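Note sheet for the following structure.
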Amino acid sequence: MQALPLTQQANKGTIVKRRVRSAAAKQLAGKATAKVVSAGRHADYMQLHDNPLQPATVKERHNLEADPRYRRTDFSAELAAEARLQFAACLAQGEARLPLARAALLIAAEDDAIASSSIVRFPVDAFMERITRLAHDTATALAAAAAAATPSSSSSSSSSSSEQQWASLRGLPAEQVVAAIEHCLFKDHYQQQQQQQQQQWYSGVRCAGFSMPAYGRSNLPKKALLDHPGVWEDARLGYLHEVLVKKRGCPAALVILYNEVMQQLLLMGAVGFAVTFDYGGFSRLPTATPLANLDVQQLILPPHLPQQQQQQQQDLQPPAASPTSGAAAAAADASIGSCSAAVLNTCSSEALAELLRHLKRAYWPFPWDTNVDDPEKGGRGSLGGFRGAAKAALHSDDISAALRAISATAAHRLQRGIWTSPGAGDLSRCLAACERLVMLVGDEQPQERRDLGVLLLHAGQPAAAAAELAAYLDSVRSAGPRFGRSAAAAAAADPLDVRFAQQLWKMLVLDTGIVPARELMSVGKVLAQGLPTSSSSSSDGYKPLTW
């Protein structure tokens with residue numbers, strides 16, 4: 001074997017030394033990077049030099065959260081509180097003047113602020129105008145079809161007035177007008193009329209295409225214990241703005257939409273009668289029945305704002321330091337003022353309560369027993385989740401390992417400010433639905449306060465939870481003069497649910513020493529609280545970015 005020249009041997013030794021030095025430099029850089037990664041999120045930034053023998057220099061890491069260029073406004077809490085306040089102002093007007101459509105849109109506005117953390121206010125007025133346009137387009141199409149069917153009745157003077165515009169429609173029997181409106185609104189009515197091949201004067205009018213799911217009121221399986229009721233229930237079917245966009249909703253949302261359309265038709269003079277609604281236990285599409293003996297002039301009411309709301313209007317002025325205080329105050333004034341209905345409400349507020357029950361089932365973050373409060377047995381489909389939530393709060397042995405893991409994950413997320421729990425419901429929006437449900441029917445249905453109490457306990461509000469549970473137990477023990485319940489209704493309370501409520505109250509008050517809150521959830525409490533000043537963590541109205 002021939003030996004290499006001295007020059008080649010020297011070059012080979014240099015290459016080997018360079019490789020060794022390069023490997024050492026890579027190893028040193030890897031250790032430095034590992035130190036930086038292991039140091040955590042706010043570690044200092046280590047800068048390495050090209051020369052591995054030169055020590056690395058450490059400079060302070062740029063804190064993006066403290067940089068004003070990367071900070072943002074976050075008034076989602078204020079927007080949610082504003083929507084809740086307007087919802088309470090609507091309920092304060094009473095059953096006869098309750099604007100169901102606006103209240104339903106305010107429910108969507110609050111949930112939108114909770115879920116999206118947006119700084120943009122939900123366009124309630126825009127969706128109300130959309131319903132008004134739907135009513136006007138329906139009336140215009142039906143009036144044209146009626147005028148074409150009866151040419152003799154359409155001869156009028158050239159002057160345009162509301163009475164002459166809708167004269168052809170007002171001259172028809174009320175039952176025919178109602179059938180024509182349902183034909184224009186609901187897809188099923190339109191298809192049934194087409195299948196029967198019955199040609200009516202309104203057969204050629206285009207249908208808006210609103211429909212309901214085939215399962216009707218609820219998609220929860222019968223006689224089952226479900227770990228995740230939100231897998232079966234679609235919350236989007238309970239939001240009125242989603243119904244307007246996708247033309248599909250739960251029966252309660254369609255009842256509210258139909259009621260608002262009829263009110264707008266009455267206001268614009270297209271119809272001269274009022275209707276009452278039959279929704280068959282929210283298991284089918286709503287149908288309307290004309291009220292022939294009711295004077296229309298008794299239904300149209302002048303704009304009215306109660307004195308209590310006028311005082312509330314003057315008091316709800318956030319400080320001028322907040323960047324959006326002027327806009328929030330103006331929006332609150334406009335929304336509260338627009339809550340006054342101009343037509344006497346002929347639809348029951350039970351439709352609004354049923355819509356909230358649908359959202360409650362869709363967002364419930366604990367097991368749900370469909371055997372409890374079964375709608376087919378006269379129930380409302382709203383009380384099946386209390387036992388699962390109570391067992392999770394009491395750390396009962398009668399709970400699966402999977403559910404324990406889900407509950408632990410939800411608690412872990414809540415402790416870190418993350419409210420939405422995928423796979424286990426949405427505690428924040430479920431809590432909001434239960435609070436609004438208590439504001440609406442809490443005095444007549446104390447079980448809703450019981451469900452609210454156990455959710456408040458899981459949400460880390462033990463004082464409010466103890467107050468709501470005490471109110472429920474008081475209604476059961478004393479036959480409810482405070483809530484207007486009869487002794488028979490109090491005696492019909494499930495003993496197992498009462499025992500769970502007693503154990504929860506004992507754990508909070510006797511074992512832990514929690515002092516119950518003084519005020520229960522009610523419309524008056526929300527109106528008295530008003531709008532929060534600001535939930536931002538700094539005085540300049542900004543919040544740091546959440547990474």
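Coordinate-derived values only; no laboratory data. Predicted model, so just to flag it, every value in this text is computed and none were measured. For neighbour counting, all protein chains shown are included, and Cβ atoms are generated from backbone atoms with ideal geometry for every residue, glycine included.
Using a simple spin-label model with pseudo-atoms 7 Å out from Cα toward Cβ, GLN199 and GLU129 lie 4.1 nm apart. Near the amide H of ARG248, within less than 5 Å, lie the amide hydrogens of SER211, all on another chain or at least 5 residues away, with H placed in the peptide plane. Backbone amide hydrogens, once placed in the peptide plane, bring VAL343 within less than 5 Å of LEU301, excluding anything fewer than 5 places away on its chain. Peptides 179-186, 263-270, 90-97, ordered by how many other C-beta atoms sit within 10 Å of their residues on average, highest first, read 179-186, 263-270, 90-97. Peptide packing: for 136-146, 250-260, 230-240, the average count of neighbouring Cβ atoms within 10 Å per residue gives the ranking 250-260, 230-240, 136-146, highest mean first. Close amide H pairs (under 5 Å, H built 1.01 Å from N) link GLY385 with ASP369, residues at least 5 positions away or on another chain. Listed peptides 446-456, 105-115 appear in the order 446-456, 105-115 once ranked by packing, highest mean of other Cβ atoms within 10 Å at the front.
Computed from phi, the 3J(HN,Hα) profile of segment 273-288 under the Karplus parametrisation 6.51, -1.76, 1.60 (θ = phi - 60°) reads 8, 9, 9, 10, 10, 10, 10, x, x, 6, 10, 8, 5, x, 10, 10 Hz, with x in place of Gly and Pro.
Working note: Karplus 6.51/-1.76/1.60 with θ = phi - 60° gives segment 125-132 the couplings 5, 5, 6, 5, 5, 5, 5, 4 Hz, where Gly and Pro are set to x. Among the listed pairs LYS187/LYS222; LYS246/LYS360; LYS222/LYS247; LYS360/LYS525; LYS377/LYS506; LYS222/LYS360, those whose Cα-Cα separation exceeds 25 Å are LYS187/LYS222; LYS222/LYS247; LYS377/LYS506. Residue by residue, segment 240-252 carries 3J(HN,Hα) couplings of 5, 5, 5, 5, 5, 7, 9, 6, 8, x, 6, x, 5 Hz when phi is fed to the Karplus relation 6.51 cos²θ - 1.76 cosθ + 1.60 (θ = phi - 60°); x denotes Gly or Pro.
Label sites at GLN164 and ASN371, each approximated as a point 7 angstrom past Cα along Cα to Cβ, lie 6.9 nm apart.
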